[in-house]
Amino acid sequence: MDFIREYYFDFSLMGDNFGAVLDGFWVTIKLSVISGVLALSWGLVLAVLRQLPGKPLAPVRWLTIGYIDVFRGIPLLLVLFLVSGFLSAAQAEDVIPETIGLPTWFGETSPFWYGVISLTLTYGAYMAEVYRAGIEAVPGGQTEAARSLGMSHGQAMRYIIVPQAVRKVVPPLLNDFIALMKDTSLVSVIGALEVVQAGFDIQTAEFNGSGLVLGALFFLAVTIPLARVVDWLISREQAKTQRGGPKPPAGEAKPAGPPATGMAGA
Amino acid sequence: MEETGATAAPAEPAAGPMLQLENVCKRFGDLEVLRGVSVDVNRGEVVCVIGPSGSGKSTLLRCVNLLEPPEEGRILLEGKEITGKEAVEGINFVRRRVGMVFQQFNLFPHKSALENVCIAQEKVLDRSGAEARQKAEALLARVGMADKIGEYPDRLSGGQQQRVAIARALAMDPRVMLFDEVTSALDPELVKEVLDVMRELVDEGMTMIVVTHEMGFAREVARRVVFMDEGLVVEEGPPAEVLGNPQQERTKRFLGLVLEH
Ligand SMILES: Nc1ncnc2c1ncn2[C@@H]1O[C@H](COP(=O)(O)OP(=O)(O)OP(=O)(O)O)[C@@H](O)[C@H]1O
Ligand SMILES: [Mg+2]
């Protein structure tokens with residue numbers, strides 16, 4: 001019993017290594033935020049490409065669907081190996097310039113940027129599917145109204161459909177972001193010193209897991225509040241749909257309650 | 001707002017019908033929804049279309065503004081062909097001249113009443129923000145919504161939403177307005193406020209095609225009534241004839257059913 005406590009919760013060891021673990025977590029945060037923002041954008045681009053209208057653009061749609069299927073269907077670790085291996089080999093062979101093959105942009109390491117690229121490629125595909133669900137959930141009457149006012153397909157998407165779709169999918173996108181944040185730990189495999197690697201180094205040197213537990217606490221400090229935000233957004237959305245009808249509400253709507261069933265009309 | 005878009009538009013050749021439909025056919029897979037519909041609508045004329053559910057009334061309107069391109073037949077707008085390979089004018093020509101109002105309002109829920117009326121003016125007609133806003137305020141006042149300009153659709157009643165939707169369509173200065181059962185989704189006490197707005201448009205000489213179940217309204221404002229069934233025009237003529245003294249068996253049966261309740 002004592003051994004368990006010693007192994008996982010050695011507070012003096014945590015204190016001694018706090019700086020190293022925090023440095024690692026800072027890398028994790030940067031990886032998460034940069035990859036997250038890029039994946040959110042790339043996913044939206046993919047979702048819009050997938051919805052392009054008309055026969056001549058069918059190849060674009062098929063390519064997009066193929067891309068999404070592939071990157072949703074293979075492990076992130078495999079993508080990491082393929083991306084880092086290709087880029088470093090290609091610059092060694094002078095196929096691509098060194099600034100791209102061994103990127104050190106903004107003072108971050110090459111493994112960091114390989115990670116950003118891989119996370120963006122993979123999570124862009126996940127998020128594209130989330131956006132697609134949102135776009136398809138916007139009633140067809142919205143497109144018709146926009147088109148009947150003379151908007152082009154692109155204008156209807158940009159001003160009418162996508163803004164509504166994005167609002168609907170903020171909670172699932174945040175869930176994907178939480179998953180992305182945890183998956184940044186895989187980038188350690190190709191040499192990024194993020195928080196899990198930092199904790200693991202301590203465990204290897206001290207035969208003690210407290211550094212990793214400290215890393216876990218850092219994760220939870222971010223992911224648990226995010227999860228609560230997701231819950232709050234969902235219950236707020238539910239309250240809104242339950243309020244339903246076109247009648248103006250009296251004050252603020254009550255939260256949650258049973259899920260909306262058998263709403264009249266809509 | 002002294003002038004409607006219809007009268008403010010540059011002088012057009014006054015002669016000839018505004019809209020001509022010749023033998024329009026539309027299929028969805030195996031389902032023949034329109035089986036050769038021919039209707040002319042003159043300038044300033046109000047044509048009401050009635051008929052049972054599924055007879056193709058909505059599809060007909062959607063063909064006119066090319067939301068559903070017809071497969072056969074021709075549609076001419078201001079004398080210019082807008083359908084098929086011989087089309088001399090594209091979709092933009094049509095959508096800038098034809099406004100549409102829907103049964104379900106289809107207001108943009110993420111935009112206020114004012115923004116609903118402004119957005120297409122700015123993005124499609126390239127009007128400045130100030131110009132669009134001025135026009136939108138005038139139109140919203142005209143449909144009795146001056147005090148609700150900043151409200152979002154989910155805080156408006158159905159009748160109010162539909163009046164905003166009419167203002168939104170009018171903001172594009174259409175020459176023809178299409179109304180698809182615009183009062184069918186409304187509580188009975190809200191129907192009149194929407195019909196009143198439409199009556200005003202009629203008085204101002206707007207060319208209109210109105211799909212409706214409001215027989216009283218059709219009788220009052222329509223120059224002509226078209227009765228459709230199974231994708232065909234069964235009977236058409238002045239309201240007094242089609243509604244008052246129908247010749248076709250199917251028309252009689254339909255009116256009998258409608259008048260029962
Ligand atoms: N996009 C579509 N795809 C397949 N079938 C359709 C489509 N739109 C309409 N239909 C079918 O075409 C037929 C005619 O539809 P339409 O909406 O024009 O009828 P309507 O006269 O407007 O009826 P209602 O009074 O119920 O509105 C219906 O059977 C409908 O199911
Ligand atoms: Mg209909």
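The values are calculated or read from the model by the stated rules, or taken from the named source; none is laboratory data. Nothing here was measured: the structure is a model prediction, and the numbers come from that model. Positions of Cβ are backbone-derived with ideal geometry, glycine not excepted, and every protein chain shown enters the neighbour counts. Just the protein is used for accessible areas: all its heavy atoms, side chains included, with ligands, DNA and RNA removed. Shrake-Rupley method; radii C 1.70, N 1.55, O 1.52, S 1.80 Å.
Looking across segment B:23-74, the residues that are within 14 Å of another protein chain (Cβ to nearest Cβ) and either more than 16 Å from ligand 2 (Cβ to nearest atom) or part of a loop (DSSP other than H, G, I, E, B) (or both) come down to B:ASN65, B:LEU66, B:LEU67, B:GLU68, B:PRO69. Can you pull out every residue in segment B:183-199 that is crowded, with 20+ Cβ neighbours inside 10 Å and more than 18 Å from B:LEU139 (Cα to Cα)? Listed by number, the residues that qualify are B:THR183, B:LEU186.
Identification of helices (runs of 4 or more DSSP H) wholly contained in segment A:94-177 with 1 or more residues that are within 20 Å of the chain's Cα centre (by Cα), more than 14 Å from chain B (Cβ to nearest Cβ) and of a type in the set (S, T, N, Q) yields A:110-137.
Taking segment B:157-201 as the region of interest, how many residues are part of a loop (DSSP other than H, G, I, E, B) and either within 16 Å of ligand 2 (Cβ to nearest atom) or touching a Leu at 6+ places or on another chain (Cβ under 7 Å) (or both)?
In the first step, residues of segment B:157-201 are kept if they are part of a loop (DSSP other than H, G, I, E, B); the result is B:157, B:171-175, B:181-187.
In the following step, the residues that additionally are either within 16 Å of ligand 2 (Cβ to nearest atom) or touching a Leu at 6+ places or on another chain (Cβ under 7 Å) (or both) were identified as B:157, B:171-172, B:181-186.
Counting residues in segment B:157-201 that are part of a loop (DSSP other than H, G, I, E, B) and either within 16 Å of ligand 2 (Cβ to nearest atom) or touching a Leu at 6+ places or on another chain (Cβ under 7 Å) (or both) gives 9.
Taking segment A:54-71 as the range and being open to solvent by 60 Å² or more (accessible area, probe 1.4 Å) and more than 21 Å from A:THR122 (Cα to Cα) as the test, the residues that pass are A:LYS55, A:PRO56, A:LEU57, A:PRO59.
Each residue in segment B:137-175 was checked for being free of Cβ contacts under 8 Å to residues at least 40 places away in the same chain, open to solvent by less than 40 Å² (accessible area, probe 1.4 Å) and more than 13 Å from chain A (Cβ to nearest Cβ), and 3 of them qualify. Checking B:VAL41, B:VAL37 one by one, the residue that is more than 14 Å from ligand 1 (Cβ to nearest atom) and either touching a Pro at 6+ places or on another chain (Cβ under 7 Å) or under 18 Å from B:ALA222 (Cβ atoms) (or both) is B:VAL41 and no other.
Candidates in segment B:117-128 are the residues that are of a type outside the set (A, V, I, L, M, F, W, C) and within 14 Å of chain A (Cβ to nearest Cβ); of these, the one that is most open to solvent (accessible area, probe 1.4 Å) is B:ASP126. In this structure, B:GLY56 does satisfy being near ligand 1 (Cβ under 7 Å from one of its atoms) and either under 20 Å from B:GLN103 (Cα atoms) or open to solvent by 20 Å² or more (accessible area, probe 1.4 Å) (or both).
When B:VAL202 is tested against (1) open to solvent by 20 Å² or more (accessible area, probe 1.4 Å); (2) within 14 Å of chain A (Cβ to nearest Cβ); (3) under 14 Å from the mean Cα position of the chain (by Cα), only condition (2) is not met.
For B:GLY158, the conditions (1) on the phi > 0 side of the Ramachandran plot; (2) touching a Pro at 6+ places or on another chain (Cβ under 7 Å) are fulfilled apart from (1). If the condition is being more than 16 Å from ligand 1 (Cβ to nearest atom) and either buried (at least 21 other Cβ atoms within 10 Å of the Cβ) or of a type in the set (Asp, Glu) (or both), then segment B:76-100 contributes B:LEU77, B:GLU78, B:GLU81, B:ILE82, B:THR83, B:GLU86, B:GLU89, B:VAL94, B:ARG95, B:ARG97, B:VAL98, B:GLY99.
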